[in-house]
């Protein structure tokens, strides 16, 4: 995951996002985005080598105001329900 994250950062995806009940929060700027303001341009899924239940997903996100960054979540039963709910609303 680190190499994928570094690759996105090299392409300008430098913001970190966190899903909240109110929307997707840009951690550096503090701005909150709604699903219609967010576009997923790429994503990578990862599975732990020793534990198949240790899965995660890395999203590369662009926002309507030109923001670019990443969002990380567990994948499968350990996923964050706020991330899952938000991402289901994103086109």
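Every read-out reported here was derived from the displayed coordinates using simple, explicitly stated rules and does not represent laboratory data. Since the structure is predicted, the reported quantities are computational estimates derived from the model, not experimental observations. Quick reminder, even Gly has a Cβ in these numbers, built from the backbone with ideal geometry, and neighbours come from all protein chains shown.
Data table
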| read-out | value |
| --- | --- |
| Length-normalised contact order for the chain - Cα pairs under 8 Å, 6+ apart - percent | 30 |
| Helix-derived mean residue ellipticity, 222 nm - over the chain, DSSP H n ≥ 4, -39500 (n - 2.57), to 500 | -5500 deg cm²/dmol |
| Distribution of pairwise C-alpha distances over the chain, 10 Å bins, in % | 17, 51, 28, 4, 0 |
| Label-point gap, in nm, between residue 44 and residue 32 - each point 7 angstrom along Cα→Cβ | 3.2 |
